[in-house]
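A short write-up of the structure that comes next.
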Amino acid sequence: MPRPPLSDEDKQFLRAILAEPAELTAWLAYADWLDEHEERDRSEFLRLEVRFVARSTSQTERHRIATRLETLRPTLDPDWVAIFDRPPIENCDKVFEFPCPKKWEQLQGTDDPNVRHCGSCGEDVYYSQSLTEARTHAQMGRCVAVATGVDRFPGDLDHVRPPERVFVGMIRRHVPEPGSQPDGPKRPWWKFW
């Protein structure tokens, strides 16, 4: 059965959340609104995501919440879920000398729910609904955030060979061919800011 389109009120909540994704008060206000409009699964998903990151949540409770989230996730619109998911950012360590310190939920939203912008490095991060999609983005040298529900295994993006490049300052330069002398080592993370 096709999912109903988002209402104008839904879109207003989503715009506010994407403007400041780490501000969880807006998530809870949206969950309340969803409850009032008989959208119990989406409301429950939001409340569980907020509860999952609460410092007072025990490991046992986190496991219970994660299990329930995995049950709800396939029943919801994947683009909607992408807005609230909390996957780590990957593949930035192939471009930079360090893994990205940011988190998906802290990045600035864009017009595309599957793309967010990192103000620290100036790169876009691409949310991937599958490992194949993540590998495609990684091969293009993009930073990725793989949906939490995707089955993963250690090093599953390690064999992806992106275009060889490094950042020198904030200017993108191609790495010289093997055997030639490089312009210098990658810059340490603290020299980007």
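Each value in this text was obtained by applying a stated rule to the coordinates, not by laboratory testing. Since this is a predicted model, take the numbers as computed values, not measurements. Note: ideal-geometry Cβ built from the backbone for every residue, glycine included; neighbour counts use all protein chains shown.
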Next item on the list: Extending each Cα 7 Å along its Cβ direction at D32 and K11, get the distance between those two points in nm, one decimal.
Entry: 2.4 nm
Checklist line | Cα centre as origin, Lys/Arg/Asp/Glu Cβ charges: the stretch 1-135 dipole, Debye | finding: 580 debye
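Given charges of +1 on the Cβ of Lys and Arg and -1 on the Cβ of Asp and Glu, with all other atoms neutral, how large is the dipole of the stretch 56-159 about its Cα centre, in debye to the nearest 20?
Numbers: 12 positive and 17 negative charges, 69 e Å.
That gives the stretch 56-159 a dipole magnitude of about 340 debye.
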